[in-house]
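Rule-based calculations on the coordinates, nothing more; no lab input. These numbers come from a predicted model, not from an experiment. Cβ coordinates were reconstructed from backbone atoms using ideal geometry, including for glycine residues, and neighbour counts include every protein chain displayed.
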Ligand SMILES: [Zn+2]
């Protein structure tokens, strides 16, 4: 075989390259895991040798593999494999039936862990008698269930007892053990108030976790995802994914935002020091851990997001305290910035978002403007005057989870902040127009048990519920086109992962990370984007899902 011939040529397709110099092509050649040519059949055909595999795309769309820039991958896959699924739309009685059923499996004091309840159930959990009702169906079995945001839990008496929580237990910093009028715990645990319970859940074995890590990559590939950023990574996560990478089984580019700040759940000082010092050695060739995570506020559904104006649903409540002051946040980011570490700050409320921008502004002044890109995770309530500051300060807007269209979670947010405030939420069009670096991500598995990038994309284009379960549209004037949405899942996250010259586009010299779809996103009705099927996924030229 002459050196110049390709191993594989894909042809007869609509190849949407995401490469501005060459946006649409019909054929693409791969050799050594990399794209060697993209263009017309006439341009690519000369690379066909005797042993070149020819793949006929049959007129279908080929595009770069998607990159999900905000997932909690290992814990989410463990939850998918090992917990009781409850739907965020389930009412409390439905949840009780599911818990009762789960309690018939396992034995003794085995834990029942369930994900995730939403607003409807939370309403009942706040009323007297909810804990007794849960205890009645679960008996001695410890039960804990998580709110869809991950920032709140509901535990039964057996779980509270194991965790050592009783009437005398004080609230931990940045958290609450909710108590009734008589001072007894109600089972509701807000933010860090749940940590003593979640820490008491026995751990899955190392082999079980390794299997979950492997399954998580297969799951991503099946969805057309060939890159991810773990938004809050532990040392353990790094080790499991490095083991996969060393075995040539990490068929996904991977970035890790390390839990290096005491504001992260699961933070341990020794582990954080080790991760920071050895972050390069802890990574395989497809991994990059030059990122850190800081949690600054909470979520609107629990009224723990730091907003400038009071919550419409509780106008007299005192303002939410952020986990760090502006000075503390500035110091923390400045320290990471000097070390070349990009910081992702969880900031949902407009007050928290402004604090991040104020902090980065001071950091740029202090350390110079050439430091790494920093990030605001979520950022849904960004104020109009803060939007231009994203580009000015080189702060990436990591938009997630997909709440830019009506669904049970976004409607809860609307109830909390009021319809008027919610009508201005997720100003995606304005943010893009201001020239900000933006990615769209899932935050899997906060609002849904399944990761579905196509529904999320559809929601960005239509601002309507792609499933048809909820009427109306959230701020439809902020809808964007398919052409504007695709970079949020490809080129932009690739650049944010510092992989812009390796993946995210289909161009000569880049990794052959690509997906074949059952429809051409650019020519179909926007609502049909939600049903997109990924027929095949290639990572470095290897078929890792489906067939072609
Ligand atoms: Zn997250």
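Residue 203 passes every criterion in (1) in contact with a helix residue (DSSP H, G or I) (Cβ under 9 Å, 6 or more places away or on another chain); (2) surrounded by fewer than 16 Cβ atoms within 10 Å (Cβ to Cβ); (3) in contact (Cβ under 8 Å) with a residue 40 or more places away in the chain apart from (3). The set of residues in the stretch 257-284 that are within 16 Å of the ligand (Cβ to nearest atom) and closer than 21 Å to residue 334 by Cβ comprises 257, 258, 259, 260, 261, 263, 264, 267.
Can you list the strands (runs of 3 or more DSSP E) lying wholly within the stretch 136-243 that have 3 or more residues being within 16 Å of the ligand (Cβ to nearest atom)? Don't jump to the end; show me each part of the working.
On the way: elements: 143-147, 152-155, 175-179, 185-191, 225-233.
Correct list: 225-233.
Residues of the stretch 338-356 that are surrounded by 22 or more Cβ atoms within 10 Å (Cβ to Cβ) and in a helix (DSSP H, G or I): 350, 352, 353, 355, 356. The stretch 41-130 holds strands (runs of 3 or more DSSP E) entirely within its bounds, and those carrying 2 or more residues that are within 16 Å of the ligand (Cβ to nearest atom) map to 66-71, 112-117. Selection of strands (runs of 3 or more DSSP E) fully inside the stretch 363-466 by the criterion of at least 3 residues being within 16 Å of the ligand (Cβ to nearest atom) returns 374-378, 395-399. For residue 53, the criteria (1) surrounded by 13 or more Cβ atoms within 10 Å (Cβ to Cβ); (2) touching a strand residue (DSSP E or B) at 6+ places or on another chain (Cβ under 9 Å); (3) more than 23 Å from residue 228 (Cβ to Cβ) hold in every case but one, which is (1).
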